[in-house]
1. Looking at the stretch A:91-108, which of its residues are facing another protein chain (nearest Cβ under 7 Å), of a type outside the set (A, V, I, L, M, F, W, C) and surrounded by fewer than 23 Cβ atoms within 10 Å (Cβ to Cβ)?
2. What do you reckon, is A:S41 surrounded by fewer than 16 Cβ atoms within 10 Å (Cβ to Cβ), among the hydroxyl-bearing types (S, T, Y) and more than 22 Å from B:N106 (Cα to Cα)?
3. Condition (residue is within 12 Å of chain B (Cβ to nearest Cβ), charged (D, E, K, R), surrounded by 13 or more Cβ atoms within 10 Å (Cβ to Cβ) and assigned to a helix (DSSP H, G or I)) applied to the stretch A:49-72: is it met by at least one residue?
4. Conditions first: (1) out of contact with any Asp or Glu (no Cβ under 8 Å at 6 or more places or on another chain); (2) more than 14 Å from chain A (Cβ to nearest Cβ); (3) not aliphatic (A, V, I, L, M). B:D8 passes all but one, so which condition is the exception?
5. Got at least one residue in the stretch A:151-165 being surrounded by fewer than 17 Cβ atoms within 10 Å (Cβ to Cβ), over 19 Å from A:R205 (Cα atoms) and facing chain B (nearest Cβ under 10 Å)?
6. Quick check on this structure: which one of A:A134, A:A121, A:A88 is out of contact with any helix residue (DSSP H, G or I) (no Cβ under 8 Å at 6 or more places or on another chain), more than 10 Å from every other protein chain (Cβ to nearest Cβ), surrounded by fewer than 16 Cβ atoms within 10 Å (Cβ to Cβ) and part of a helix (DSSP H, G or I)?
7. What are the residues in the stretch A:125-141 that are over 18 Å from the mean Cα position of the chain (by Cα) and of a type outside the set (D, E, K, R), if any?
8. Would you be able to tell me the number of residues in the stretch B:151-193 that are of a type in the set (V, I, T) and more than 21 Å from B:Y86 (Cβ to Cβ)?
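Quick note: the coordinates plus some simple rules give every number you see, no bench work behind them. Note that this is a predicted model, so its numbers are computed, not measured. Positions of Cβ are backbone-derived with ideal geometry, glycine not excepted, and every protein chain shown enters the neighbour counts.
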There are 2 protein chains.
Amino acid sequence: MKLKVYADRMSQPSRAVLIFCKVNGIDFEEIKVEISKRQQSSPEFQAINPFKKLPAIVDGRFKLFESHAILIYLVSAFPGVADHWYPADISRRAKIHSVLDWHHMNLRRGAATFVLNTVLAPILGLPLNQQAAAEAENILISSLSKIENIWLKGNGRYLLGGLQPSIADLSLVCEIMQLELLDEKDRDRILGPHKKVQQWIESTRNATRPHFDEVHNVLYKLKMKLRDAGMDSRIKTGLTSKM
Amino acid sequence: MKLKVYADRMSQPSRAVLIFCKVNGIDFEEIKVEISKRQQSSPEFQAINPFKKLPAIVDGRFKLFESHAILIYLVSAFPGVADHWYPADISRRAKIHSVLDWHHMNLRRGAATFVLNTVLAPILGLPLNQQAAAEAENILISSLSKIENIWLKGNGRYLLGGLQPSIADLSLVCEIMQLELLDEKDRDRILGPHKKVQQWIESTRNATRPHFDEVHNVLYKLKMKLRDAGMDSRIKTGLTSKM
């Protein structure tokens, strides 16, 4: 039975898993679960992930959620994935775990909370929380600065001085990509000072072409809609109520 | 060269790593880094972990931080660790990764933030943030309820229906143990309704005797001090300024 990937391309960990499968030629079926329609709360999906979060996979009778755990499982369960994604060498593998663990309470917490409370909340019918946005911005900027100065230290193009991307690069870059949805000025202020981060995003995009842009297309389209809507607040109201 | 573990027994991930080493007969040197004295910000420690967090290890020339990554590395790098701690079977291993990933933004976020903002902040010379405490309490109670009803589902004594503990059991139980520091009433209100969680803590304590209580002793001592101090606010003020 073909691997099933339950995903919403608007969710950054969903995108990481989808891109990984496509880049590595893993045969899978993408099953759309739309967060904006609260489909992750359906009884059918809760039977797969009782925590109602995306992405999740079903491989035969085996069910799994949490994107980092999924990426590691896919490397081990599907033959032919190149070693650089999740090296067999225990020291290199340990460093990748270290980055992935750090991701949760730093970059992910900052980026996801900031974008939710500046752009996405109205689309999802949630209130904007300005204090949460301000706190998240601090975590986000501090996280980007730590990626720039610590994780991207060295001459490699990728995290930990890597010459080729690992699952950590893919996971963290997909997280940052949601900043595409921000107002241009906000995005420049936050990402602008981090030159190595910008080069690393481009390297990861290039290494996973054409799947990277194909899977992120939903984000680019929403960005255009938000930009057009921003020119007229009446359109914006119409847009947010329809999305 | 002997493995070096940089730890503060007041830090729950430090305790998990120390107990793991002791239970598995890993020969190591414990190097105390006291958070209350801000020793994690010293240039010497920053050379080991630029993120200034505990625990961290140095194994020969190899440096590593993030407790989950450390636990996984130790299983792989030191012979003789029983399989149940981190099974070789890829499906069982994947489920353990899933619990560990979930831990960060749920149980850890709730428990650590709640205890900091109800008990530890004054000891560390930080202000108490009541709003953060209230938000953290919600996350903590929701996390305990999910452990009770989802992760501890089934007849096993441990997470995921396990008959023996894994690194996820040890990591999550050490996180919950910090609730020992709470006022008895708060602790009962939060932990009381979660009977399976209470049994699981006892099972994990029993499976890792006598190291579990030996490493947690610092917590039990502080609990006594806090309780004594609670009887007289003048003593409490003296206590918090000295610790």
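1. Passing the criteria: A:S91, A:H104.
2. Working: surrounded by fewer than 16 Cβ atoms within 10 Å (Cβ to Cβ): yes; among the hydroxyl-bearing types (S, T, Y): yes; more than 22 Å from B:N106 (Cα to Cα): no.
Against the criterion (surrounded by fewer than 16 Cβ atoms within 10 Å (Cβ to Cβ), among the hydroxyl-bearing types (S, T, Y) and more than 22 Å from B:N106 (Cα to Cα)), A:S41 does not qualify.
3. No; the residues of the stretch A:49-72 include none that is within 12 Å of chain B (Cβ to nearest Cβ), charged (D, E, K, R), surrounded by 13 or more Cβ atoms within 10 Å (Cβ to Cβ) and assigned to a helix (DSSP H, G or I).
4. The single condition B:D8 does not satisfy is (1).
5. Step one: of the stretch A:151-165, the residues surrounded by fewer than 17 Cβ atoms within 10 Å (Cβ to Cβ) are A:153-156, A:161, A:163-164.
With the extra rule that they be over 19 Å from A:R205 (Cα atoms), the set shrinks to A:153-154.
From what's left, facing chain B (nearest Cβ under 10 Å): A:153.
Among the residues of the stretch A:151-165, at least one is surrounded by fewer than 17 Cβ atoms within 10 Å (Cβ to Cβ), over 19 Å from A:R205 (Cα atoms) and facing chain B (nearest Cβ under 10 Å), which makes the answer yes.
6. Values: A:A121 fails: surrounded by fewer than 16 Cβ atoms within 10 Å (Cβ to Cβ); A:A88 fails: part of a helix (DSSP H, G or I).
Going through A:A134, A:A121, A:A88 in turn, just one is out of contact with any helix residue (DSSP H, G or I) (no Cβ under 8 Å at 6 or more places or on another chain), more than 10 Å from every other protein chain (Cβ to nearest Cβ), surrounded by fewer than 16 Cβ atoms within 10 Å (Cβ to Cβ) and part of a helix (DSSP H, G or I): A:A134.
7. From the stretch A:125-141, those over 18 Å from the mean Cα position of the chain (by Cα) are A:125-135, A:138; that's our starting set.
Answer for the stretch A:125-141, where residues must be over 18 Å from the mean Cα position of the chain (by Cα) and of a type outside the set (D, E, K, R): A:G125, A:L126, A:P127, A:L128, A:N129, A:Q130, A:Q131, A:A132, A:A133, A:A134, A:N138.
8. Going through the stretch B:151-193, the residues of a type in the set (V, I, T) turn out to be B:167, B:173, B:176, B:190.
From what's left, more than 21 Å from B:Y86 (Cβ to Cβ): B:190.
Of the residues in that region, 1 qualify.
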